[in-house]
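Structure record follows, encoded as structure tokens.
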Amino acid sequence: MELVLTVSSGRHARLNHNLLLLIILQLGLHTAEGVWPLPQSFTSSTERYPLNPRTFYFGYGRQSATQEGCSVLDEAFKRYFSLIFPSDGVLRFSVDKPFIVTVSVDHGDCESYPNEDSSERYSLSVSAGQASLKADTVWGALRGLESFSQLVYQGDYGTYFVNKTEIEDFPRFQFRGILLDTSRHYLPVGAILKTLDAMAYSKFNVFHWHIVDDPSFPYQSRTFPDLSSKGAFHPMTHIYTQSDVRRVISHARMRGIRVLPEFDSPGHTQSWGKGKPDLLTPCYRGGTPSGTFGPVNPILPSTYAFMTTLFKEVTSLFPDSYIHLGGDEVDFTCWRSNPDIQAFMRKMGFGVDFTKLEAFYMESIVNITSALNKTSIVWQDVFDYHERIPKDTVLHIWKGVPAKYQEELSKITQAGKRVLLAAPWYINHISYGQDWRNYYTVQPQNFSGTEEQKKLVIGGEVCMWGEYVDATNLSPRLWPRASAAAERLWSDEKQTTSVKDAFPRLQDFRCQLLRRGIRAEPLFVGHCKYEYQGI
């Protein structure tokens, strides 16, 4: 007997899904809950095939542009074998027939890095004794391997199975990011690598590394070593060496994840001033220096010489074509108090409008990184202050409730600028109950504008700010709540409107995360077959 479930949009799909679940329950059949995030097209059958790890293989298709020796896929085959057949639990092998997963890619990009234009499209066909995975690039093949791994499940007596399945898949948005803040609390490299693993399980593809901020400067610069030796929480134990950074970038690349560094200025720079004393603006009280310092001093030529040298180093270390320059939350109080700044304002004809001074600074910094062939991302404040920035600069929305950020989306895209949405996914905020529902029901393109404007929304980002987050609570606060946003950024919106339909699938995915060693917090009352066993 063969029953088929086809996922498509509309009421018909929900009826099919409910009917199939009813029949499965009545017949006592088993099937995996499916794939998270939901593929664009997903057809599954109750026809299933037992798998034996001793006779299970990954291999390259004859026509594939990549063959054995492709570092990204060779490593992925080893990694996914262990994920598909974990060492815990009872193993029963009811079959000795081989099962081969054949992977074919059209472009041999094994030694490159994923970039903004990388295709993640793939198709996956699972049938008796074999699975065929085809992709444009190795990055798409990685996404397909993740989907296949989620299709494999264990029956009540320990036997592994995979069901007959057809998938055609690609992401809705090209940019699907997670921000980690490593300044307010230092995150050990191991915690970052574990987060990258979990990101790959949810098909996130950008790690936004908010590496420095007011509290600490953990990035160890070759050119300016005092920045970390004086600005980090500790100059030896709480820093990221160049080797650490390369390790993170390499780990991310193997999972198809870009690493986007952020060096936020002119605000959020108190830690910078400890290792570069002439960088910040001296604040005044009643005509005399108060001994405190404000944002980066935007009137000194030495400021821009320093920034040019620092960004040359940073852009040589981080291979991605994007760099985040910040530009948010600049407090003008200190600038306003400084007589040299006041004189510069008069000379430039800025009057008392300090947003013009910030615009002057940010335009200069964006020009520095443009000269280094990097595309800049800046927070929305830069747009709100009417700053003149290159047309390819990406704006990052972080403020406001839906009505406010929808208005901002409309304004920015009307100006022809590309945009990222983060405002509804500040996941460091927590509340009692199932707040993942709020992240799941965000509609990134629900704003007033033309179809051309809506295409300028290139994706979104889940932000995990670090005031109350370190390695002790990072994973449970992120997962599986971030996975709700992952489905919104990957899957077709019309197929994934129902929180009720998503809940059992996300519960099942959360259990998979636990079995893979990710401390994902519960969604509600319930249990997993394999509970988390500790660190």
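The values are calculated or read from the model by the stated rules, or taken from the named source; none is laboratory data. If you're wondering where the values come from, they're calculated on a predicted model, not measured in any experiment. FYI the Cβ positions are ideal-geometry reconstructions off the backbone, even for glycines, and counts take in every protein chain you see. Remember, those area values only see protein heavy atoms, side chains included, never the ligands or the DNA or RNA. Shrake-Rupley method; radii C 1.70, N 1.55, O 1.52, S 1.80 Å.
On the basis of being open to solvent by 30 Å² or more (accessible area, probe 1.4 Å) and touching a Phe, Trp or Tyr at 6+ places or on another chain (Cβ under 9 Å), does residue 98 make the cut? Taking the combined requirement at face value, the residue satisfies it. Among the residues here, residue 504 qualifies as closer than 23 Å to residue 153 by Cα, part of a helix (DSSP H, G or I), of a type outside the set (Val, Ile, Thr) and modelled with pLDDT of 95 or more. Checked against (1) touching a Ser or Thr at 6+ places or on another chain (Cβ under 8 Å); (2) at pLDDT below 95; (3) over 28 Å from residue 87 (Cβ atoms); (4) not aliphatic (A, V, I, L, M), residue 40 meets all criteria but (2).
Can residue 377 be described as in a strand (DSSP E or B) and either surrounded by fewer than 19 Cβ atoms within 10 Å (Cβ to Cβ) or touching a residue at least 24 places away in the same chain (Cβ under 8 Å) (or both)? Considered against the rule, which asks whether it is in a strand (DSSP E or B) and either surrounded by fewer than 19 Cβ atoms within 10 Å (Cβ to Cβ) or touching a residue at least 24 places away in the same chain (Cβ under 8 Å) (or both), residue 377 comes out as yes. Listed by first and then second residue, the pairs with beta-carbon distance under 9 Å, at least 6 apart or on different chains, first residue in the range 295-315 and more than 15 Å from residue 366 (Cβ to Cβ), second surrounded by 15 or more Cβ atoms within 10 Å (Cβ to Cβ) and among the small types (Gly, Ala, Ser), are 295/265; 295/267; 313/221. Please tell me if residue 291 is free of Cβ contacts under 8 Å to residues at least 12 places away in the same chain, open to solvent by 10 Å² or more (accessible area, probe 1.4 Å) and not acidic (Asp, Glu). Judged against the criteria, residue 291 is a match.
Just one of (1) hydroxyl-bearing (Ser, Thr, Tyr); (2) modelled with pLDDT under 95; (3) open to solvent by 70 Å² or more (accessible area, probe 1.4 Å) fails for residue 530. It is (3).
Annotation: of all residues in the range 322-350 being within 26 Å of residue 399 (Cβ to Cβ), assigned to a loop (DSSP other than H, G, I, E, B) and of a type outside the set (D, E, K, R), the one that is least open to solvent (accessible area, probe 1.4 Å) is 327.
The set of residues in the range 128-142 that are open to solvent by 30 Å² or more (accessible area, probe 1.4 Å) and free of Cβ contacts under 8 Å to residues at least 40 places away in the same chain comprises 130, 136. Checking each residue in the range 351-369 for being assigned to a helix (DSSP H, G or I) and of a type in the set (A, V, I, L, M) picks out 357, 359, 362, 365, 366, 368. Note on the range 155-204: among residues that are out of contact with any helix residue (DSSP H, G or I) (no Cβ under 8 Å at 6 or more places or on another chain) and of a type in the set (Lys, Arg), the one that is most open to solvent (accessible area, probe 1.4 Å) is 164. For the structure I just gave you, tell me whether residue 352 is at pLDDT below 95 and within 30 Å of residue 306 (Cα to Cα). Against the criterion (at pLDDT below 95 and within 30 Å of residue 306 (Cα to Cα)), residue 352 qualifies. Taking residue 494 as the residue in question, decide whether it is basic (Lys, Arg) and free of Cβ contacts under 8 Å to residues at least 60 places away in the same chain. No: the conditions fail for residue 494. Just to be sure before I move on: is residue 361 hydroxyl-bearing (Ser, Thr, Tyr), touching a residue at least 60 places away in the same chain (Cβ under 8 Å) and touching a Leu at 6+ places or on another chain (Cβ under 7 Å) in the structure I sent? Taking the combined requirement at face value, the residue does not satisfy it. With respect to residue 314, is the statement that it is outside any helix (DSSP H, G or I) and either open to solvent by 10 Å² or more (accessible area, probe 1.4 Å) or more than 12 Å from residue 267 (Cβ to Cβ) (or both) true? It is false that residue 314 is outside any helix (DSSP H, G or I) and either open to solvent by 10 Å² or more (accessible area, probe 1.4 Å) or more than 12 Å from residue 267 (Cβ to Cβ) (or both).
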